[in-house]
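See below for the structure under consideration.
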Amino acid sequence: MKAILTNFGSTGDIQPFVALALELRRHGHHPVLALSPAFADHVRRQGLDFAPIGPDLRTVQDSINHSMISSPSVTGSASRLLGLFGPLAEALPRMFEELREVSRGADVLISGRMQPAARMVHDLTQVPFVSIHVEHSGGTEGGSGGSPAFQEAVRATINPLRARLGLPPFPNPLVDGNSPQLVLYANSRHVRQVPAGLPSHFHFTGYFFLEDEAFTPEPALADFLAAGEPPVVMTFGSMPYEDPEAMTDIFLGAAERAGRRAIIQQGWASLARRTLPPTVLTAGVVPHSWLFPRAAAVVHHGGAGTTASAFRAGVPQVLVPHAYDQFVWADIAHQLGCAAPPLPLPQLSAQSLGEALRALLASPRARETATTLGERIRAEQGVLKARQLIEALVERVGLSSPARADLSTDDDSAEDASGQALRRKNLLQRQRARRQDD
């Protein structure tokens with residue numbers, strides 16, 4: 001089975017797709033990650049095939065993140081949001097064309113809901129299509145789609161290209177863009193209550209975690225961890241700041257007030273690039289699956305992927321939500337009992353964070369709750385369940401899918417129909433054999 005996996009976003013949005021691709025490869029399938037060129041090295045280090053889709057939009061995403069953080073009122077203005085999304089609208093036709101090209105001859109297209117080009121490819125080619133939600137999308141059928149202003153801006157970004165392709169407009173693109181065949185929530189039932197009234201093709205699978213078994217820490221990191229009690233890990237991921245030094249000061253002051261050693265991950269904002277006290281270490285890219293279990297607590301921004309990693313590690317958390325669904329995850333973590341009350345960015349200071357850490361680390365209940373939750377989440381097999389559901393979809397609709405000749409107009413690049421049918425027949429036989437082994 002040739003599977004194309006695509007999404008748009010930061011590392012936390014991409015990691016679950018890499019994890020799913022590795023699961024597919026372990027079971028004899030051929031996954032291809034179709035992502036922003038920024039992720040080429042990350043994907044290829046895993047030995048996976050990579051196809052660049054569109055331009056490198058990290059600068060654009062950084063600008064959007066910064067505007068969302070620094071101007072909360074931006075979410076109330078469709079015109080301002082549309083201005084932020086302008087580069088995405090310009091890049092979308094190219095992303096669509098390149099994704100359609102990569103999808104030629106694919107057996108299934110697997111996409112996050114933030115990649116609108118995928119639904120367009122499905123609508124035009126009828127390639128079997130899977131939507132995956134890694135964020136907290138809410139609602140019963142793929143989320144609310146955001147505020148009215150946000151929906152208006154997304155419509156103005158996506159629907160013009162749909163019209164040029166002869167496709168009907170979507171009133172609510174982030175909801176309407178879900179697959180009509182299979183939608184997977186890569187969330188844990190131990191964290192989120194399954195929404196009532198989900199259609200039969202919607203499934204909660206559990207988180208998709210990327211295992212970093214081969215990771216070897218730098219000597220400085222290994223030595224720091226071995227030299228004392230578990231530190232507090234502080235990481236704000238892809239969040240940008242006008243003054244990274246001021247944020248570094250907050251982290252250092254909070255660690256001192258809490259009386260704890262700390263590891264500060266630099267993230268996209270390049271935090272802690274200075275001489276630090278001996279009780280604090282700065283770190284670059286370190287897999288959260290490796291680092292978080294070695295922490296006394298984790299301070300983070302509440303991104304979906306980072307929150308999931310902290311849940312899995314079984315460590316208490318302080319969430320400092322900045323934007324997007326981070327506020328929802330902060331509330332959920334606190335309600336579960338494994339996190340301090342949410343500490344929104346405007347309220348963040350060395351004093352407020354230090355006090356939150358002291359109270360959290362002094363709470364046996366928070367530690368016990370986090371430990372129990374981590375055990376439950378580690379017992380889930382999200383990527384296995386997802387892989388089985390995807391295989392079942394391809395078996396159910398793959399053979400009956402219309403020929404996808406419109407993926408290419410070149411006769412010499414079209415796959416021979418009889419060869420394609422034979423390949424699918426062999427695929428289904430292998431899938432049936434694997435299900436007997438699972």
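The values are calculated or read from the model by the stated rules, or taken from the named source; none is laboratory data. All values derive from a computational prediction rather than experimental measurement. For neighbour counting, all protein chains shown are included, and Cβ atoms are generated from backbone atoms with ideal geometry for every residue, glycine included.
Numbers at a glance
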item: Options ASP223, ASP212: the member that is modelled with pLDDT under 90, not assigned by TED's automatic domain parsing to the domain that holds LEU84 and not hydrophobic (A, V, I, L, M, F, W, C); result: ASP212
item: The range 16-30, subset surrounded by 24 or more Cβ atoms within 10 Å (Cβ to Cβ) and of a type outside the set (A, V, I, L, M), residue farthest from LEU92 (Cα to Cα); result: PRO16
item: Among residues of the range 348-371, those that are crowded, with 17+ Cβ neighbours inside 10 Å and charged (D, E, K, R), counted; result: 1
item: Tally, over the range 188-216, of residues that are in contact (Cβ under 8 Å) with a residue 60 or more places away in the chain, within 17 Å of the chain's Cα centre (by Cα) and surrounded by 19 or more Cβ atoms within 10 Å (Cβ to Cβ); result: 8
item: Residue that is farthest from the chain's Cα centre (by Cα) [pool: residues in the range 1-42 that are in a helix (DSSP H, G or I) and among the basic types (Lys, Arg)]; result: ARG26
item: Residue count for the range 322-347, restricted to those that are in a loop (DSSP other than H, G, I, E, B), crowded, with 20+ Cβ neighbours inside 10 Å and either modelled with pLDDT of 95 or more or not assigned by TED's automatic domain parsing to the domain that holds GLY267 (or both); result: 4
item: Selection status of PRO287, surrounded by 13 or more Cβ atoms within 10 Å (Cβ to Cβ), in the same structural domain as LEU373 (by TED's automatic domain parsing) and in contact with a Lys or Arg (Cβ under 6 Å, 6 or more places away or on another chain); result: no
item: ARG155 being closer than 20 Å to TYR324 by Cβ, of a type in the set (Lys, Arg) and either at pLDDT 90 or above or outside the structural domain of PHE50 (by TED's automatic domain parsing) (or both); result: yes
item: Qualifying residue in the range 32-49 (condition: surrounded by fewer than 16 Cβ atoms within 10 Å (Cβ to Cβ), modelled with pLDDT of 90 or more and small (Gly, Ala, Ser)); result: yes
item: Odd one out for TYR185, checked against (1) in contact with a helix residue (DSSP H, G or I) (Cβ under 6 Å, 6 or more places away or on another chain); (2) within 17 Å of ASN7 (Cβ to Cβ); (3) of a type in the set (Ser, Thr, Tyr); result: (1)
item: Residue within the range 243-252 that is within 21 Å of VAL134 (Cα to Cα) and modelled with pLDDT under 90 present; result: no
item: Residues of the range 190-226 that turn out to be of a type in the set (A, V, I, L, M, F, W, C), within 25 Å of ARG261 (Cα to Cα) and not in a loop (DSSP other than H, G, I, E, B), as a count; result: 6
item: In the range 126-143, the residues that are buried (at least 21 other Cβ atoms within 10 Å of the Cβ), modelled with pLDDT of 90 or more and not in a strand (DSSP E or B); result: VAL127, PRO128, VAL134
item: Any hit, the range 160-178, residues being loosely packed, with under 13 Cβ neighbours inside 10 Å and of a type in the set (Val, Ile, Thr); result: no
item: Condition broken by GLU229, with the remaining ones in (1) outside any helix (DSSP H, G or I); (2) out of contact with any strand residue (DSSP E or B) (no Cβ under 7 Å at 6 or more places or on another chain); (3) over 19 Å from PHE292 (Cβ atoms) satisfied; result: (3)
item: Residue list for the range 230-260, restricted to those being surrounded by 15 or more Cβ atoms within 10 Å (Cβ to Cβ), farther than 14 Å from GLY354 by Cβ and in contact with a Leu (Cβ under 9 Å, 6 or more places away or on another chain); result: PRO231, VAL233, THR235, PHE236, MET239, TYR241, PRO244, MET247, THR248
